[in-house]
Amino acid sequence: DFYAGRERTVPRHVFYNRKAALEKFPRLNPDVLFAALYYDGAMPSPERIAIELIRDAVAANAEAVPLNYVRAVGADGQAVYLKDEIGGEMLEIRPRIVVNAAGPWIDRVNRCLGADTRFIGGTKGSHLVLDHPELRQAIGEHEFFFENDDGRIVLIYPLFDRVMIGTSDIRIENPDEAVITEEEVDYFFSMIRRVFPDIEVNRSHIVFTFSGVRPLRRMQTGTTGQISRDHKVQVLPAGEALDVPVLSLVGGKWTSFRAFSEEAADAVLRFLGRERRLSTRDLPIGGGKGWPADETARQTWLDRLVGRYGGERELVSRLLNRYGTLVENLLEQQGVNALAPLSSLPEYTRGEIAWLASSEDVQHLDDLLLRRTMIAMLGRLTPRVLDEVAAICAAECHWSAAVLAAEKTRLLSLLRARHRMDYNRYAPD
Ligand SMILES: Cc1cc2nc3c(=O)[nH]c(=O)nc-3n(C[C@H](O)[C@H](O)[C@H](O)COP(=O)(O)OP(=O)(O)OC[C@H]3O[C@@H](n4cnc5c(N)ncnc54)[C@H](O)[C@@H]3O)c2cc1C
């Protein structure tokens, strides 16, 4: 309420006593004492924001080069060595400054640059995605957010037509080892039962799991929940790791990414002796540019798109929701194909998959299915969907039959190992 201030873009918070809470949410545990309703930002597709930020950066500066699947592997004085993990090539660059934005891997990257830092004390957080219409209906469009007795935060979140459950907060040294454990699954189920005691949840409802590591500052605290979620630019001056300064971006959240980026960019500009020329404070991102702000503007947009490109209004509207105003780019590039639904998954179109595969630096099938679309995460990846999407992707990326087969194998083993997802079991056709 304080931050919304005078602009008042969302209503104020409301407290409900037990009776009112149970009237509003009849499936809630009747032992509830009170509930509070408040408004917050939600980011249901953070991967798309990351991709659209990269698209914007490249559009803003012809010299910006996004290097997907390229890893910093070593350094020497002024030179930094990068390895192209697909082609195998080694690249040598001579930067004036290095920004280490490797999140939980920051210390590992600094070590390969020659500095033995201990900036990060990462914690693992896991989530479940459930196909559970009864629970989905019980929460409505609300995220249930509560604190367990030991201070751990638990959330039950409406993720499109699914329910996302999270999250744990467990110290971890090696971010590559972050996967959900059976104990975490049991813990999440026990938490759901505490809030909605008469709703049955079990492992057959799980369609996807994921686990990530928060790049938190290394701190000694009683519980992981007490570790600061703040961010900081840690500077290694020239001469300490390399002959040029190395700036490590420690901490940070999606909520505060713009402010942190601004701080980091200002620090870089100071080192380079340059002035800031642009502010990102009011800059719309990706498909947010020219976004129709109200219902009338939205209908005008849809009229124009349907008039120009054809197609059903509902489909165009769905694409507008998914890609914002970038939808015009998709319709322009793919024509009628942009409006032709996949036969295995009509909520996506053939042209949409082709457009993503050709314009968003897709190198592997998992880029497309895990990080450009929500297909795997929402448990939509059936064998038929995999075959249809993979065939379109292979055509766009010019993969041979052997490469396509290897990509499918890679994807399925990744889903099993990192997301504990057996697609035959969780998403039968
Ligand atoms: C479980 C969990 C829940 C969260 N919940 C929220 C939330 O509710 N709200 C919120 O605002 N934030 C949340 N966050 C925080 C947010 O997701 C992270 O803070 C944010 O993603 C960190 O971004 P980053 O770019 O610093 O690091 P990352 O997104 O981790 O990116 C680091 C990148 O560095 C790359 N890399 C590693 N080694 C090398 C190398 N040698 N060379 C080149 N690249 C390398 C990695 O491949 C990776 O792409 C959550 C995080 C987790 C893990």
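The table that follows gives values for the structure above.
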{"read-out": "Where His132, His127, His142 fall by accessible area, highest first, once all protein chains stay in place (1.4 Å)", "value": "His142, His127, His132"}
{"read-out": "Candidate lysines - alpha carbon under 18 Å from Lys19, same-chain residues fewer than 8 apart omitted", "value": "none"}
{"read-out": "Mean accessible surface per residue for the chain, computed with a 1.4 Å probe while every protein chain stays in place, in Å²", "value": "54 Å²"}
{"read-out": "Anisotropy class of segment 152-284 from Cα gyration tensor, a/c 1.5 cut", "value": "prolate"}
{"read-out": "Pairs of alpha carbons in the chain whose separation is greater than 40 Å (percent)", "value": "24 percent"}
{"read-out": "Candidate aspartates and glutamates for bridging to Lys24, where Cα separation is under 17 Å - those fewer than 8 sequence places away on the same chain excluded", "value": "Glu134, Glu141, Glu143, Asp198"}
{"read-out": "Point-charge dipole on Cβ atoms (K/R +1, D/E -1) for the chain, about Cα centre, debye to 20", "value": "660 debye"}
{"read-out": "When segment 24-111 is reduced to its Cα atoms, the Kirkwood hydrodynamic radius in Å", "value": "17.5 Å"}
{"read-out": "Given charges at Cβ of Lys, Arg, Asp, Glu: the chain dipole, positive-most of Thr409, Ile375, Pro133", "value": "Pro133"}
{"read-out": "Percent carbon-and-sulfur accessible area, the chain, ignoring ligands, DNA and RNA, probe 1.4 Å", "value": "53 percent"}
{"read-out": "Cβ-based net charge around Ile227, under 10 Å, with every Lys or Arg adding one and every Asp or Glu removing one", "value": "+3"}
{"read-out": "Residue of Ala57, Ala21, Ala293 that the Gaussian network model of the chain assigns the largest fluctuation, springs spanning Cα pairs under 10 Å", "value": "Ala293"}
{"read-out": "Cα-based Rg of segment 286-426 normalised by 2.2 N^0.38 Å, two decimals", "value": "1.11"}
{"read-out": "Of the DSSP H helices in the chain, those whose Cα atoms cover at least 18 Å axially and whose Kyte score averages -0.5 or more", "value": "46-60, 182-195, 257-272, 383-397, 401-419"}
{"read-out": "Sum of side-chain charges, Thr255 neighbourhood, beta-carbon under 10 Å (Lys, Arg +1; Asp, Glu -1)", "value": "+2"}
{"read-out": "Reachable lysines, given that their alpha-carbon falls under 26 Å from the alpha-carbon of Lys232 and they are not under 8 places away in the same chain", "value": "Lys124, Lys253"}
{"read-out": "Antiparallel DSSP beta bridges within the chain, percent to nearest 5", "value": "95 percent"}
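The values are calculated or read from the model by the stated rules, or taken from the named source; none is laboratory data. Not measured: the values here are computed from a predicted model. Note that each Cβ is placed from the backbone with ideal geometry, even for glycine, and that neighbours are counted across all protein chains shown. Heads up: the accessible areas ignore ligands, DNA and RNA and are worked out on the full protein's heavy atoms, side chains in. Shrake-Rupley method; radii C 1.70, N 1.55, O 1.52, S 1.80 Å.
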